[in-house]
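Data block below; observations after.
Please treat every number below as a calculation from the coordinates, not as lab data. The structure presented is a predicted model; accordingly, all values stated were derived computationally and were not measured. Cβ sites come from the backbone with ideal geometry, for glycine too, and all protein chains shown count toward neighbours.
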Amino acid sequence: MSEPTTFTEGEFYEGHFDSRAYAKNFYSCPSGQADEKNFLTFVLRCLSRVFSAGKQSLSIESLGLNVLLFRDYFGTNVCFKGEHKGKLLIDVGSGPSIHSVLSACDHYDEIVLSDFASNNRREIEKWLKNQEGSLDWKPVLQYVCELDGKIPSKLEATLKQRVKKVLKCDVRLENPFDPHTLEPADCVITSLCLEAACKDIQTYCRALHGLTKLLGPGGLLVMIGVLGESFYKVDEQLFSCLRLSQDNIKEVLSGLGLSIHEFTILPAADRQNNAVSDFEAIFHLVARKPSE
Ligand SMILES: C[S@@+](CC[C@H](N)C(=O)[O-])C[C@H]1O[C@@H](n2cnc3c(N)ncnc32)[C@H](O)[C@@H]1O
């Protein structure tokens, strides 16, 4: 293992991030990495609740988890089921993974996946092209389909047909897709990327600004992240994480003019016995860019 002495930014990922080990450790089954307890099921259920128009009648309380739900600024109980749709969905910092767009993909005509590291983009391309030795997303797909009332083979085909590009991105740039200019997106999803990519809160703030600029007026930002995490491991390789609080994130989003509709937090279940990361909580948020 090489011990990072400085914050592990994108360039470190290019040389040291083992995409296959990451997928195997964290995404080989819907329950995710054992030390991280309910992490992945929480994420998949939150995403399902935001996008699914299917049979699921899940309320946040029925997750059976110790969840703090932040109601929207008007104090109303938010219900998004099946409400979000549009032309373009961009997932920023996908890693080698497709889990974050599974519940959304039926509702957007075109999907762009992206990552800084070429080995991550290559793994996604392999899966899209059904190449031999590609990552196995079946267990996660099956779980999401159970939540959303969908058929796994159909959802897989829809996703593969709708992903139009897998692009290099760098969230530290004003336009993360430079030199490409993407058309304004109806939805941007990002999961666990910004806190891994940004070495300080100023960089995080600029990166979120860059993400909001990808959205068209009224566009939706869906973000999954961790609070209070300083590191995570892929096998024995350590990666840095920017320690964030809920207030940090709310301040940045409000400063960018986004309205936060939902901010759900799941405190870590057994932090002392987690050998692969030290997060205090997982969060899921939904925010909207103002309509012009
Ligand atoms: C913890 S992984 C998250 C991957 C995936 N979204 C997930 O939820 O599992 C962090 C990802 O951020 C990517 N990353 C790191 N620096 C980046 C940058 N400057 N721009 C874009 N992505 C970056 C890494 O390559 C890695 O795939």
Taking the simple approach of a point 7 Å from Cα along Cα-to-Cβ for both SER245 and GLU292, what is their distance in nm? 3.6 nm
I'd like the GluC sites (Glu not before Pro) in the stretch 116-168 restricted to DSSP loop residues with at most 12 other Cβ atoms within 10 Å, sorted by number. GLU132
In debye, nearest 20: dipole of the chain around its Cα centre with unit charges on the Cβ of K, R (+) and D, E (-)? 840 debye
In the stretch 101-145, which chymotrypsin sites (Phe, Trp or Tyr not before Pro) are in a loop and have at most 15 other Cβ atoms within 10 Å, using DSSP for the loop call? none
In sequence order, what are the phi-derived ³J(HN,Hα) couplings for the stretch 149-156 according to the Karplus relation 6.51 cos²θ - 1.76 cosθ + 1.60 with θ = phi - 60°, rounded to whole Hz, with x for glycine and proline? x, 10, 9, x, 5, 5, 5, 4
Gained length - LYS126 relative to SER259, 0.36 nm times residue gap less alpha-carbon distance: 44.2 nm
Among LEU147, CYS46, LEU211, whose Cα lies farthest out toward the positive end of the dipole of the chain, if unit charges sit on the beta carbon of Lys, Arg (+1) and Asp, Glu (-1)? LEU147
Selection of trypsin sites (Lys or Arg not before Pro), the stretch 155-230, meeting DSSP coil and at most 11 other Cβ within 10 Å: none
